[in-house]
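Undergrad: I have a structure here, written as structure tokens, and I will follow up with some questions on it.
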Amino acid sequence: MKPIVFLGGGRITGALLSGLQRARYCRPVIVYDRHSEKLRDLRKTYGVTVEHDLDRATANAGLLIIAVRPGSVSDLLREIDSMQRGTSAVSLAAGVPLASLRKQLPSVHWARAMPSPACRSLHGLTALTFSPGFPTARKAEIRQFFGAVGQVLEIAESKFDVFTVTYSSSHGYHALATLTTAAEKLGLDRKTALTAAAHALADGILAWRDANVSLDALLQEATTPGGIAAAVMKTMDGAGYRKVIENGLAAGLVKARTNAVHAQLATAKRLAKRNKRTKG
């Protein structure tokens, strides 16, 4: 079986490799990166094959995973010369649309994926979207790959940016840190505050998942009229809690759409240069 090739050895690659290792995933994996120290660390930690040459990495890839920052995608694709026609490629770059990817490498079957770093512990969540005409068998292959480290959802590309700003585990980390700090200010020690805050967030949500009870019903159960939880939530809502969340997601959405604009401009410049060389 041809290997899965990661182009980029950053954080999300490390998280996926950690999850795949835990899941005992057996398909060969190769990682390419410009930075030798990253490759050395990944090989030592996860036992993967590393490649310092981009052409060698892409020449025989069965599945290519673009795992670089959005601003680096165009430059990376410009450097790719050795690519078999019909290869499947998955971009993990937030905000970079399929249309831009197809324009730069039209011979490739393109998909986008947004995997959570929580995949390192097999609790991941990955959104997938595929370009038109993507082979059915290869769709199944990609679902299986990301499914090895957590839940997989297929959604329309038009919903991808909203999903991206909503699903991030950073919301949970941020809430955990904020709730813990507030409890410390009221007198709890750090360890106890963390334990209480983690239970409020993680265990409560797990109970919702496992109990097959609606969220509205659980909220009603938790907020006894005149009770402590009711007072807490009323005060938080009155202070603009919901609006703060809405504003945060809106800011993330603007950033994701800015990435898309930059990707389209970079693609247009690349194609203009190519056409100029051809006419010359």
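Undergrad: Which shape class applies to segment 170-239: rounded if a/c is under 1.5, otherwise prolate when a/b exceeds b/c and oblate if not, where a ≥ b ≥ c are the square roots of the Cα gyration tensor eigenvalues?
TA: Verdict is oblate for segment 170-239.
Undergrad: Considering amide H positions built from the backbone, and no H for Pro or chain starts, which residues 5 or more places from Phe134, or on another chain, come under 5 Å of its amide H?
TA: Correct list: empty.
Undergrad: Compute the label zone of Asp55 within segment 83-121: residues whose backbone N is under 15 Å from the point 7 Å along Cα-to-Cβ.
TA: What the label zone holds, given the 15 Å backbone N cut-off, is 83-84.
Undergrad: While we're looking at this one, here's another question. In what sequence do Arg112, Arg22, Arg11 fall when counting other Cβ within 10 Å, fewest first?
TA: Least crowded to most crowded, the residues run Arg11, Arg22, Arg112.
Undergrad: State the label only: which of (1) 1.04; (2) 0.96; (3) 0.93 corresponds to Rg/Rh (Cα atoms, Kirkwood Rh) computed from the shown model?
TA: Entry (1).
Undergrad: What is the Cα centroid distance between segment 61-103 and segment 119-197, reported in whole angstrom?
TA: One Cα centre to the other: 23 Å.
Undergrad: Would you please give the residues with an amide H less than 5 Å from that of Leu153, counting only those at least 5 places away or on a separate chain, with H modeled from the backbone geometry?
TA: When sequence neighbours closer than 5 places are left aside, the close amide H contacts are Thr126, Ala127, Leu128.
Undergrad: Can you sort Glu79, Glu184, Glu51 so the residue with the fewest Cβ neighbours within 10 Å comes first?
TA: By the 10 Å Cβ count, ascending: Glu79, Glu184, Glu51.
Undergrad: Here is the link list: Lys2/Lys139; Lys2/Lys38; Lys44/Lys191; Lys159/Lys234; Lys159/Lys255; Lys139/Lys255. Which ones come out longer than 26 Å on Cα distance?
TA: Lys44/Lys191; Lys159/Lys234; Lys139/Lys255, as the Cα separations exceed 26 Å there.
Undergrad: Hey, another quick one. Counting other beta carbons within 10 Å of each residue's own, what order do Cys119, Cys26 fall into, fewest first?
TA: Final ranking by Cβ density, sparse to dense: Cys26, Cys119.
Undergrad: Moving on to the next point. Per residue, what volume in Å³ does the Cα convex hull of segment 84-211 take up?
TA: 131 Å³
Read the figures in this text as sums done on the coordinates, not as results from a lab. Keep in mind the model is a prediction, meaning the values are calculated, not measured. Please note: Cβ atoms are built from the backbone with ideal geometry, for glycine as well, and neighbour counts cover all protein chains shown.
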